[in-house]
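The values are calculated or read from the model by the stated rules, or taken from the named source; none is laboratory data. Quick caveat, the model's predicted, so the values are computed rather than measured. Here the Cβ is made from the backbone with ideal geometry for all residues, glycine too, and neighbour counts use every protein chain on show. We work out accessible area using only protein heavy atoms, side chains counted, and drop any ligands, DNA or RNA first. Shrake-Rupley method; radii C 1.70, N 1.55, O 1.52, S 1.80 Å.
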Amino acid sequence: MSRIGKKPVSIPQGIKVDIKDRVLTVKGPKGELSINIHPDIDVKIENEEITVTRKSDEKRVRALHGLHRALINNLVIGVKDGFTKKLEIVGVGYRAEMKGNKLQLSLGYSHPILFVPPADIKVEASTPNNIVVSGINKELVGMVAAKIRSFRPPEPYKGKGIKYEGEIIRRKAGKAASKSLK
């Protein structure tokens, strides 16, 4: 049995969980999220816990078992606390600033990049070198952070670009190192 799938998801105080027509809805102080439950997966709410079980032991259904438990757990955490991703900008002249609800990025191109985040996502540029992406949907927060990072991913020689906070960039030696070996 799935190690992740068999763990129950506890429902914290102040969170309402409801199942209707194979749609699980979670409401909390930060908002409301819902997920469609696969027909081969059963979800039960009892004793302030959500348990996920599967109907068969096929490989595909076993994978869905752990997936659904993880997605439900992310919904509960999202409406209770929310999720954040922090990005760092490295490079001379590279910066980010908010222009209304749009994020303006100067990343060494001939033009600034304007990024409009989705409605459910909050993007902040508190300092010119830091961007914070936050929201209640973990998948959407990760996708927006990845999109912003894709405008100028970090390069391996000087490490310039947009990287996740704490991300380690493997550095390469430049041309000078290859000449010294001859």
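Whenever you get a sec, compute what percent of the accessible area on segment 37-92 sits on carbon and sulfur atoms (1.4 Å probe).
Using a 1.4 Å probe with all protein chains present, segment 37-92 comes out at 50 percent carbon and sulfur.
What's the longest piece of the chain with no exposed chymotrypsin sites (Phe, Trp or Tyr not before Pro), counting a site as exposed if DSSP puts it in a loop and it has at most 13 other beta carbons within 10 Å?
1-108
Can you work out ³J(HN,Hα) from phi for every residue in segment 76-84, in order, using Karplus 6.51 cos²θ - 1.76 cosθ + 1.60 and θ = phi - 60°, giving whole Hz and x for Gly and Pro?
5, 5, x, 6, 8, 10, x, 10, 9
Is there a pair in K6/K86; K6/K138; K30/K99; K30/K86; K85/K160 whose C-alpha atoms are over 27 Å apart, and which pairs would that be?
Beyond 27 Å between Cα atoms: K6/K86.
Count the net charge of all other residues whose Cβ sits under 15 Å from the Cβ of M98, scoring Lys and Arg as +1 and Asp and Glu as -1. Write down the numbers at each step before the final one.
On the way: positive: R95, K99, K102, K122; negative: E97, E124.
Its environment carries a net charge of +2.
Within straight cross-link reach of K55, meaning Cα distance under 20 Å, which aspartates and glutamates are found once same-chain residues fewer than 8 apart are removed?
In chain and number order, the partners are D21, D40, D42, E46.
How many Å² of accessible area per residue for segment 1-42, probe 1.4 Å?
Normalised by residue count, the accessible surface of segment 1-42 is 68 Å².
Can you run phi through the Karplus equation (6.51, -1.76, 1.60; θ = phi - 60°) for segment 149-166 and list ³J(HN,Hα) in whole Hz, with x for Gly and Pro?
Going residue by residue, I get 5, 5, 5, 7, x, x, 9, x, 8, 10, x, 6, x, 9, 10, 6, 5, x Hz, with x marking Gly and Pro.
Excluding residues fewer than 8 places away in the same chain, name every one of the lysines whose C-alpha is closer than 16 Å to that of K20.
K44
Using the heavy atoms of the protein chains and a 1.4 angstrom probe, tell me the accessible area per residue for segment 58-182 in square angstrom.
About 61 Å² of surface per residue is accessible.
Projected onto the charge dipole of the chain (+1 at Lys/Arg Cβ, -1 at Asp/Glu Cβ, origin at the Cα centre), which of P154, P29, G5 gives the Cα projection farthest towards the positive end?
P154
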